[in-house]
């Protein structure tokens, strides 16, 4: 990796980051995460960075990014500038992917979501069950791992779309050790055993969306010198994949703090796509930043 954290005053202080995606309006769940990051950074004498995770070039827009920045300013979140945008760093993620390719750890995957769903449904009709990841999604079939280089090249030349996936079994055999991370959050605490194999062969790069969340967030945290990752409990298990990528790419390991989620009346996680408890709507009702703090329990 050629990019390194910027040398700034206080560079040895703890570094936190808030990393929203501008594909919808921020809601109360984002407010909780942003406020916790700011509060913990202040208590530890650390820095707070803002990263815009906009690798989804279709759904993420400049207008929504401006709305994100406006909401954070209204809340009084003291993040440092300049803001880092993932869309400005695709070559860095490609470099990381190329390193994994050179290690023989990734392969082109050609099945569409519909084809995987059909495969899983047929298998489970015969008595299944098909293995699933911690989020409940079926694991990707693994037979494409065994394609020869010539077969891969031929299919890549004719495929409309394909993704690059990590051969999770090969990657774990290569490192030859059990991984873990330090957790200080609202669920389990202490040293947590990582289980990246539970996710199967995760996507690292899509032809229709440069990079993937897993690869980009891991590379960005290292590039920005992030020492403390504070995010929702919905990403607790994904940390296993990030720890594996950190180990493979020889990147530093942050401390993780996964916080409680803000749930809607129906018990589900709030969603930007549905506009649940959007900060903009609450502001329009006359709510203040102090009201928002009270609503999220800070």
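Values quoted throughout were computed directly from the atomic coordinates according to the rules given, and no laboratory measurement underlies them. Only a predicted model underlies this, so the values are computations on that prediction, with no experimental measurement involved. Cβ atoms come from the backbone with ideal geometry, glycine included; neighbour counts cover every protein chain shown.
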Legend entry - Distance between modelled label sites at residue 88 and residue 74, nm, 7 Å Cα→Cβ extension: 2.5
Inset, instruction - Any chance you could tell me what percent of the C-alpha pair distances in the range 114-196 go past 23 Å? - result: 47
Legend entry - Rg/Rh (Cα only; Kirkwood hydrodynamic radius) as it applies to the range 55-113: 1.15
Legend entry - Most mobile listed residue (39, 177, 144) in the chain, GNM with C-alpha springs under 10 Å: 177
Legend entry - Convex hull of Cα atoms in the range 11-153, direction-averaged projection (nm²): 12.8
Inset, instruction - Give me the orientation-averaged projected area of the Cα convex hull of the range 144-188, in nm², one decimal. - result: 5.7
Inset, instruction - Evaluate Rg over Rh across the chain, taking Cα atoms for both radii and Kirkwood's formula for Rh. - result: 0.97
Inset, instruction - Using a Gaussian network model of the chain whose springs link C-alpha atoms within less than 10 Å, name the residue from 288, 158, 58 with the highest mean-square fluctuation. - result: 158
Legend entry - Pairwise label distance in nanometres, residue 288 with residue 184, each label 7 Å out on the Cα-Cβ vector: 3.1
Inset, instruction - Can you tell me the 0 to 90 degree angle between the C-alpha axis of helix 62-75 and the longest principal axis of the chain, rounded to 10? - result: 40
Legend entry - 0 to 90° range, to nearest 10: angle between helix 213-223 axis and the chain longest Cα axis: 60
Inset, instruction - Sort largest first and round to whole Å: the equivalent ellipsoid semi-axes of the range 38-80, each the square root of five times a Cα gyration tensor eigenvalue. - result: 25, 12, 6
Legend entry - Percent of Cα-Cα distances greater than 17 Å, calculated over the range 83-125: 59
Inset, instruction - Rounded to the nearest 10 degrees, what's the angle between the helix 113-125 long axis and the longest principal axis of the chain, both from Cα atoms, 0 to 90? - result: 70
Inset, instruction - Could you give log10 I(q)/I(0) at q = 0.12, 0.15, 0.17 Å⁻¹ for the range 130-262, computed by the Debye formula over C-alpha point scatterers of equal weight, without solvent? - result: -0.52, -0.79, -0.99
Inset, instruction - Compute the label zone of residue 233 within the range 132-156: residues whose backbone N is under 16 Å from the point 7 Å along Cα-to-Cβ. - result: 135
Legend entry - Normalised contact order of the chain, rounded percent, pairs of Cα under 8 Å and 6 or more residues apart: 26
Legend entry - For the range 16-66, fraction of C-alpha pairs farther apart than 18 Å, in %: 36
Inset, instruction - Could you work out how far apart the two model spin labels at residue 295 and residue 118 are, taking each label as a point 7 Å from the Cα in the direction of the beta carbon, and quote it in nm? - result: 4.5
Inset, instruction - Return a whole-number percent for the relative contact order of the range 83-198, with Cα pairs under 8 Å and 6 or more residues apart as the contact set. - result: 27
Legend entry - Descending semi-axes in Å of the range 170-220, equivalent ellipsoid built from Cα gyration tensor: 24, 16, 9
Legend entry - Two-decimal Rg to Rh for the range 69-220 - Kirkwood Rh, Cα set: 1.03
Legend entry - Equivalent ellipsoid semi-axes, the range 188-243, via Cα gyration tensor eigenvalues times 5, rooted, Å: 20, 16, 9
